[in-house]
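The values are calculated or read from the model by the stated rules, or taken from the named source; none is laboratory data. Since the structure is predicted, the reported quantities are computational estimates derived from the model, not experimental observations. All Cβ positions, even for glycine, are placed from backbone atoms using ideal geometry, and neighbour counts span all protein chains on display.
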Amino acid sequence: MAGWCIWITGLPGSGKSTIARILKRKLEEEGIKSYIISSDALRKIATPKPKYTEEERDIVYGALVYAAKVLVENNINVIIDATGNRRKYRDLARREIGKFMEVYLKCPLKICIEREKRRVETYLAPRNIYEKAFKGKSRTVPGIGSPYEEPLNPEIIIETDKIDPENASDIILKSILSKFY
């Protein structure tokens with residue numbers, strides 16, 4: 001029996017890492033094990049001095065999808081915590097992974113910028129990315145210098161400027177339970 005995979009996507013600062021960790025805890029309370037794959041953690045290994053080029057992103061997201069696919073095929077449930085700014089990355093996961101669900105955390109850029117500024121725990125994400133983008137030190141921040149392509153048909157859309165992380169994780173958990181169990 002294969003596991004399942006959900007990809008939590010959205011702009012940096014939309015709440016992906018926070019919601020992924022709350023969701024993992026709630027799944028465990030239900031007796032369901034899962035593993036979080038973070039693009040930021042994977043990037044530290046695959047590209048220790050990242051430039052965030054399109055080519056580099058293709059490599060990191062290709063590796064991320066492959067790792068998720070292998071885990072799912074070995075009955076490990078996966079939560080992908082990654083911006084995945086191009087649809088092609090998330091579409092690849094949808095094609096490669098049998099039990100797949102895309103969760104889009106929709107949040108206005110202005111709010112993401114404010115959250116990212118105040119963020120205490122980064123979960124391995126680089127700090128002050130929007131500030132660096134506005135100062136011209138980083139030209140590839142999704143939503144500023146690099147496009148963020150919103151999902152066309154995600155299974156779930158959560159407006160994280162209107163719904164707190166606890167309630168957002170409840171929405172995702174309910175959907176996982178109804179779709180995969």
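Look through the range 113-168, keep the residues that are closer than 20 Å to I22 by Cβ and among the small types (G, A, S), and return whichever of them is surrounded by the most Cβ atoms within 10 Å (Cβ to Cβ).
Taking the range 113-168 as the starting set, the residues that turn out to be closer than 20 Å to I22 by Cβ are 115-116, 118-125, 154-168.
Adding the requirement that they be among the small types (G, A, S) leaves 125, 168.
On the way: A125: 20, A168: 23.
Among those that are closer than 20 Å to I22 by Cβ and among the small types (G, A, S), it is A168.
Report, ordered by the first and then the second residue, all pairs with beta carbons closer than 7 Å, sequence separation of six or more or different chains, a first member in the range 51-79 that is under 17 Å from I129 (Cβ atoms), and a second member that is part of a helix (DSSP H, G or I).
As it stands, the answer is V60/S39; V60/L42; V60/R43; V60/A46, since those pairs meet every condition given.
In the range 113-125, which residues are among the β-branched types (V, I, T) and either in a loop (DSSP other than H, G, I, E, B) or touching a Lys or Arg at 6+ places or on another chain (Cβ under 7 Å) (or both)?
Of all residues in the range 113-125, those among the β-branched types (V, I, T) come to 113, 120, 122.
Once the filter is applied, which keeps residues that are among the β-branched types (V, I, T) and either in a loop (DSSP other than H, G, I, E, B) or touching a Lys or Arg at 6+ places or on another chain (Cβ under 7 Å) (or both), the range 113-125 yields V120, T122.
Please work out which residue is farthest from N75 (Cα to Cα), limiting yourself to the range 1-43 and to residues that are hydrophobic (A, V, I, L, M, F, W, C) and assigned to a loop (DSSP other than H, G, I, E, B). Step through it out loud before you land on a result.
Step one: filter the range 1-43 for residues hydrophobic (A, V, I, L, M, F, W, C), giving 1-2, 4-8, 11, 19-20, 22-23, 27, 32, 36-37, 41-42.
Filter once more, so that each one left must be assigned to a loop (DSSP other than H, G, I, E, B): 1-2, 4, 11, 32.
Details: M1: 6, A2: 4, W4: 8, L11: 29, I32: 11 Å.
Per the criteria, the residue is L11.
Can you tell me how many residues within the range 63-112 are assigned to a loop (DSSP other than H, G, I, E, B) and either at pLDDT 95 or above or surrounded by 19 or more Cβ atoms within 10 Å (Cβ to Cβ) (or both)? Break it down into steps so the answer makes sense when it comes.
Our first condition is that a residue be assigned to a loop (DSSP other than H, G, I, E, B); within the range 63-112, this holds for 74-77, 82-86, 97-99, 107-108.
When the remaining residues are screened for being either at pLDDT 95 or above or surrounded by 19 or more Cβ atoms within 10 Å (Cβ to Cβ) (or both), the result is 74-77, 82-86, 97, 99, 107-108.
Looking only at that region, the number is 13.
Out of the residues in the range 109-153 meeting the condition of being in contact with a helix residue (DSSP H, G or I) (Cβ under 6 Å, 6 or more places away or on another chain) and free of Cβ contacts under 8 Å to residues at least 60 places away in the same chain, tell me which one is farthest from D164 (Cα to Cα). Don't jump to the end; show me each part of the working.
Kept after step one, since they are in contact with a helix residue (DSSP H, G or I) (Cβ under 6 Å, 6 or more places away or on another chain), are these residues of the range 109-153: 113, 116, 123-125, 130, 138, 141, 143-145, 149.
Filter again for free of Cβ contacts under 8 Å to residues at least 60 places away in the same chain, leaving 144-145.
Details: I144: 25, G145: 28 Å.
My answer is G145.
Are there any pairs with C-beta distances below 8 angstrom linking a residue in the range 154-176 that is under 12 Å from Y104 (Cα atoms) to a residue that is surrounded by 16 or more Cβ atoms within 10 Å (Cβ to Cβ) and among the hydroxyl-bearing types (S, T, Y), with the two at least 6 apart or on different chains, and if so which?
From the range 154-176, the pairs are P154/T9; P154/Y104; I156/Y104; I157/Y104; I158/Y104; T160/S14; A168/T160.
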